[in-house]
Each structure stands twice: as C-alpha cells, then as structure tokens.
1. From the cross-link list K69/K121; K39/K136; K39/K175, which pairs have alpha carbons spaced over 20 Å apart?
2. Once the whole set of protein chains is in place, how much accessible area is left on K42, using a 1.4 Å probe, in Å² to the nearest 10?
3. Amide H of C148: which non-local residues (sequence gap of 5 or more, or other chain) have their own amide H closer than 5 Å, using H built in the peptide plane?
4. Using a 1.4 Å probe and ignoring any ligands, DNA or RNA, find the accessible area of S35 and quote it in Å² to the nearest 10.
5. Could you work out what % of the accessible surface of segment 93-213 is carbon and sulfur, using a 1.4 angstrom probe and leaving DNA, RNA and ligands out of the count?
6. Would segment 65-188 count as rounded, prolate or oblate if I go by the C-alpha gyration tensor, calling it rounded below 1.5 in a/c and otherwise prolate when a/b exceeds b/c, oblate otherwise?
Amino acid sequence: MFSFQVFDHPGFQNRFSTQYRCYSVSMLAGPNDRSDVEKGGKIIMPPSALDHLSRLNITYPMLFKLTNKNSDRMTHCGVLEFVADEGICYLPHWMMQNLLLEEGGLVQVESVNLMVATYSKFQPQSPDFLDITNPKAVLENALRNFACLTTGDVIAINYNEKIYELRVMETKPDKAVSIIECDMNVDFDAPLGYKEPERRPQYHEEPTEEEADTTNYADMDTGFRAFTGSGNRLDGKTKGIEPSPVPLDPNDIKRGIPNYDFKIGRITFIRNSKPLPRKLADDDDAMNRFIAFSGQGQSLRKKGRKP
C-alpha cells in the first residue's frame with residue numbers, strides 16, 4: 001500500500017516520493033525518551049526510506065516536503081533518524097498542527113532541494129516571549145534543531161520548560177529555505193496581542209521660596225520638655241495621671257545667626273573656624289623655617305688658659 005514511487009523519467013531520477021501514516025512523537029515505542037524531536041523540525045522515518053534514498057542521486061542534507069492533500073497544507077522538514085516502523089513516520093506535534101493532521105493521517109513525503117536562507121522574520125504568538133532576557137539568542141540556539149523554514153508555519157521552541165510559538169512571517173531568498181550551515185539574519189515582528197505602553201509625561205515641579213512658609217519657624221517646639229510623658233497606676237485607674245506639660249518659655253529657644261542666602265531644599269554647612277592674625281602666622285612660619293647647619297655643638301674638653 002505504501003510503495004515508493006521512483007519514476008523512470010529523466011526529470012525525476014533524483015526524486016523520492018511516497019505516503020506515510022503520521023503519528024506524534026509521543027506514540028513512538030521504545031525505552032528512550034524522544035522529547036528532543038519535539039524541540040526541532042525533523043521527523044523520524046522507516047529504515048526502508050534510507051535504503052531507497054541511498055540508491056538515488058540526491059543532494060545532502062536530506063530535506064523533504066510534507067503535504068496534506070486533504071487540507072492542501074504543506075511544510076518542509078529534515079530527517080533525524082530512520083528507526084520508525086514500516087509505513088509510519090513520526091512528526092513533532094507543532095508540525096502536525098500546521099498540516100491539520102490527526103493521529104494516523106496520511107502525509108505525502110517528497111525529497112526537495114532548498115536554497116540557503118539569508119533572512120527570516122518571526123512573530124511571537126504571545127507577549128510572554130518578551131519576558132526572555134535575550135530572545136534573539138534563545139531563538140538562534142533553538143533553530144539549531146531545525147533543518148529548514150517555511151513561510152506561514154508556526155514553529156514551537158522550548159525554553160525554561162515553557163513552549164513559545166512563533167510564526168514565520170518572511171524568509172529569503174525563497175518561501176522555503178534551508179538553515180543548515182548558513183549565515184541568516186533574524187528579525188522580530190511585534191508579538192500577537194502586544195500593546196504599546198502609554199507614556200505619561202512627567203512634570204518635575206521644583207519648590208520655590210514663595211511656596212514654603214517660614215513664618216512659623218520660631219513657634220516650633222524644638223526644646224526639651226521634662227516630665228511630659230504619661231504614667232500608669234498600679235490599680236489600673238486612669239484618673240489623675242493625665243500629663244500636664246509645662247509651657248515653654250520663648251526665651252528658652254536659642255536662635256543662631258540667620259542665613260540670608262538660605263534656599264528651600266539646600267543645606268549649608270557653616271564652619272566656625274577663624275583665620276589667625278597675620279602677625280602670629282608670620283611668627284609661626286619663621287619658627288618652622290628650616291636653616292641648614294644652624295645648630296650648636298658641645299665639646300667634652302673645656303678649653304681654658306694655663307696658669
């Protein structure tokens with residue numbers, strides 16, 4: 001039923017074309033976990049496909065075109081391994097969604113040659129993709145598991161145990177390109193559902209001298225007032241324990257020299273050091289001046305006249 005169609009026509013000597021029943025990778029039997037297939041754009045084919053491909057004069061790397069004839073949807077992919085059961089191929093889940101395929105659906109597989117990519121543009125399908133610190137580096141690292149890109153596909157990448165979907169908006173130089181060993185420029189479109197944040201103008205109002213009321217500075221109670229706290233009685237009653245603060249005498253408030261250059265919001269540190277008189281400063285300089293060989297010596301033998 002799933003025989004390979006190798007045409008004898010000269011124009012189709014290098015073409016491989018057949019149909020498989022496709023299943024998601026989770027249906028792949030075996031002790032090993034094949035979750036790595038879900039992180040890329042490659043499929044798993046049966047060993048007989050490798051046998052037929054080796055007999056054809058095809059170009060490497062092997063690239064394939066997948067087509068769902070029922071929905072007229074198509075995409076492109078590479079091959080990861082040839083370990084599937086005969087007549088079956090295993091696809092990543094996101095690829096089956098693009099082709100509108102269900103488990104066990106028929107898919108047409110054809111070998112193709114694609115041009116090397118030079119540019120690609122992606123649109124994240126959720127604004128959550130912007131939460132990634134370096135989205136471009138994350139995407140470039142995820143594309144290492146892909147063999148080719150097709151315009152219109154929605155690919156899925158796994159980062160920090162979360163699936164991010166991105167739509168391929170544009171590819172150059174063709175709508176389907178190979179991204180194996182290529183120098184490709186990557187660009188992003190605005191995510192689906194993204195809204196530009198509203199920018200509100202910020203007004204910085206600086207206080208002026210007229211806004212500050214300095215008339216009550218002298219009336220401020222800044223001195224220490226003894227015995228102004230409240231007390232508690234041993235019997236728990238509150239009668240007769242109300243504090244009666246002593247009024248503060250205005251003469252107790254000490255006022256310094258006003259600063260006529262004072263401005264609201266500025267602190268000025270005034271030093272009380274006074275310059276020395278000029279005469280005392282000159283005397284200190286004379287005492288501290290160094291003069292070479294100006295010291296006095298002492299002799300152990302006292303010189304004097306003989307009697």
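1. Beyond 20 Å between Cα atoms: K69/K121; K39/K175.
2. Surface accessible to solvent at K42 totals approximately 60 Å².
3. Hits under the 5 Å cutoff: G78, I179.
4. 50 Å²
5. Carbon with sulfur: 44 percent of the solvent-accessible area.
6. Because a/c hits 1.5 or more and a/b exceeds b/c, segment 65-188 counts as prolate.
The values are calculated or read from the model by the stated rules, or taken from the named source; none is laboratory data. Note that the structure is predicted; figures quoted are calculated from it, not measured. For accessibility, only protein heavy atoms count, side chains too; no ligands or nucleic acids. Shrake-Rupley method; radii C 1.70, N 1.55, O 1.52, S 1.80 Å.
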